[in-house]
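The values are calculated or read from the model by the stated rules, or taken from the named source; none is laboratory data. Everything numeric in this text was worked out from a predicted model, so none of it was measured. Quick reminder, even Gly has a Cβ in these numbers, built from the backbone with ideal geometry, and neighbours come from all protein chains shown.
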Amino acid sequence: MAECIKMPKMSDTMQYGIISRWIKQVGDKVVAGDILAEVDTDKATMELESYEDGTLLYVGVAEKAAANVNDIIAIIGDPKEDIDTLLASTVAINGDRPADTRIDIELPPIELSIADGQVVAPTANMEPTLPLNRSIASPLAKKIAKENGYDLAQIQGSGEAGRVVKKDVIHFVPDRLDQISISGQSTTAAYQDSPISAMRKKIAEVLTESKMNIPHFYLTVEINMNKVVEIRGELNQYASTKISINDLVIKATALALIQHPKVNAAWLTDKIRSYQYVHIGVAVAVEDGLMVPVVRFADQKPLIEISKTVKNVCKQAQQKKLIPKDCTGATFTISNLGMFGITSFSAIINPPAACILAVGAMQKIPIFKDNQVVPAYMLQLTLSCDHRVVDGHAGALFLATLKALLEQPLSLLL
């Protein structure tokens, strides 16, 4: 009997998924455990696994298109089965999607064709168009668009269910190429619009809410890293994996957080939670944005294990192999842009955690010590704090402990 494959809920916050790529095509044999497709969620690109044996008879969502959680995206069964009846009965039972469950990405009706009794799926390069009717534009918006020669299909609607309204047309910038003459030559000022991925959309939502609703304040400290550089060089002569400056910062931060639970805390609306363990989120840049895999119980891990864990999760993040649980549960976050030459910056808090530490590039500069100028490796760390949870005094005490640990790094090995 044919079985409907629905879009699974792959994370606790997932509302829809985008089919990044179909691995199996209509007509392919499928065995339970085979990967049907790659799905972009709000947290990662994940593999959609089949739990059925049979033939892929139907694909209901084109590549780069979205589907709500529990929407039918494929059917697996026997090639001789009549899936038209199954599809018709599913539509009759489910009806139209209610307005309050619409996703932000407007999806056109899927065009299907019949060949040799089989339903042929839409291809990845389909260019469907949206009908210009009352469901996508108000009469006034249509009138203004017509007067200005605008194509309504190019205008992003802000009304209910994505409807184009007057203000959308007024503020619309036409997608056209401007001809500019420079030194008698005609050049084209071109640009490219890219669709917003599920990950980028989630980043925008979380960080906008964080910056707007969390009262941030910032504390910066400079640390002499001479002894860290020295001890790291010695450790890496014997370590099975290279220990980085970032690994040492993670270890020192974890130990400092145990001493300052007010900083290792979260705002939970009706209460403040102070953690007695340390799960450190490590911000990792990926193609579509940013992921924050978590190093769990970082205070209890030796340096070599922290180094291996960070390298592993960073590699998995780049290969899009992390699963949602790998990126949840951080009690504190570290963001390091030092490898890009950024000496100092302020990071946006990753809620519900109350703080995030921004790590800049280590610089070798002259400093004044013992009545003489000497070279030193200096590092700037900036702590972003949620003032609802952490006061300046608590944040300053934490940074003082962190500074002491990094300037006397032998304590990190105990």
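Identify the residue in region 186-232 that is of a type in the set (D, E, K, R) and not in a helix (DSSP H, G or I) and, among all such residues, is farthest from residue 401 (Cα to Cα).
First pass over region 186-232, keeping only residues of a type in the set (D, E, K, R): 193, 200-202, 205, 209, 211, 222, 227, 230, 232.
Cutting the leftovers down to not in a helix (DSSP H, G or I) gives us 193, 222.
Working: 193: 47, 222: 13 Å.
Step by step, filter region 186-232, then rank; the result is 193.
Looking at region 245-265, which of its residues are touching a Ser or Thr at 6+ places or on another chain (Cβ under 7 Å) and either in a strand (DSSP E or B) or under 17 Å from residue 305 (Cβ atoms) (or both)?
Of region 245-265, the ones touching a Ser or Thr at 6+ places or on another chain (Cβ under 7 Å) are 247, 256, 259-262, 264-265.
Across region 245-265, the qualifying residues are 247, 265.
With the checklist (1) within 22 Å of residue 348 (Cα to Cα); (2) surrounded by fewer than 18 Cβ atoms within 10 Å (Cβ to Cβ) in hand, flag the one item residue 381 doesn't pass.
All conditions pass for residue 381, except number (2).
I want to confirm something. Restricting to region 289-308 and keeping residues that are buried (at least 19 other Cβ atoms within 10 Å of the Cβ) and farther than 19 Å from residue 409 by Cβ, which single residue is modelled with the lowest pLDDT?
The selected residue is 291.
Quick check on my filter: what residues within region 334-363 are in contact with a helix residue (DSSP H, G or I) (Cβ under 9 Å, 6 or more places away or on another chain) and not small (Gly, Ala, Ser)? Step through it out loud before you land on a result.
Within region 334-363, the subset in contact with a helix residue (DSSP H, G or I) (Cβ under 9 Å, 6 or more places away or on another chain) is 334, 336, 338-339, 348-351, 355, 357, 359-362.
The answer is 334, 336, 339, 348, 349, 350, 351, 355, 357, 359, 362.
Collect the residues in region 317-352 that are in a helix (DSSP H, G or I) and over 30 Å from residue 8 (Cβ atoms), keeping them in residue-number order. Don't jump to the end; show me each part of the working.
Of the residues in region 317-352, the ones in a helix (DSSP H, G or I) are 317-318, 324-327, 338-340.
Scanning region 317-352 gives 338, 339, 340.
Among (1) touching a Phe, Trp or Tyr at 6+ places or on another chain (Cβ under 9 Å); (2) outside any strand (DSSP E or B), where does residue 383 come up short?
(2)
Step by step: first the residues of region 3-62, then only those that are of a type in the set (Lys, Arg) and more than 21 Å from the chain's Cα centre (by Cα), then the one that is surrounded by the most Cβ atoms within 10 Å (Cβ to Cβ). Which residue is that?
Here the answer is 24.
Results for (1) within 21 Å of the chain's Cα centre (by Cα); (2) modelled with pLDDT of 95 or more, shown as yes or no for each residue.
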| residue | (1), (2) |
| --- | --- |
| 333 | yes, yes |
| 346 | yes, yes |
| 357 | yes, yes |
| 370 | no, no |
| 393 | no, yes |
| 412 | no, no |
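I need the full set of residues from region 1-25 which are part of a strand (DSSP E or B) and among the hydroxyl-bearing types (Ser, Thr, Tyr), in order please.
Once the filter is applied, which keeps residues that are part of a strand (DSSP E or B) and among the hydroxyl-bearing types (Ser, Thr, Tyr), region 1-25 yields 16, 20.
Check region 45-52 and report whether any residue there is farther than 23 Å from residue 318 by Cα and among the β-branched types (Val, Ile, Thr). Don't jump to the end; show me each part of the working.
Taking region 45-52 as the starting set, the residues that turn out to be farther than 23 Å from residue 318 by Cα are 50-52.
Remaining after also requiring among the β-branched types (Val, Ile, Thr): none.
Checked against the condition, which is being farther than 23 Å from residue 318 by Cα and among the β-branched types (Val, Ile, Thr), region 45-52 yields no hits at all.
Six or more apart or on different chains, Cβ under 6 Å: which pairs go from a residue in region 378-391 that's closer than 18 Å to residue 359 by Cβ to one that's of a type in the set (Phe, Trp, Tyr) and part of a strand (DSSP E or B)? Could you list them?
Close Cβ pairs satisfying both conditions: 382/218; 384/218; 385/217.
Just a yes or no: is a residue in region 148-158 modelled with pLDDT under 75 and among the charged types (D, E, K, R)? Step through it out loud before you land on a result.
Kept after step one, since they are modelled with pLDDT under 75, are these residues of region 148-158: none.
No.
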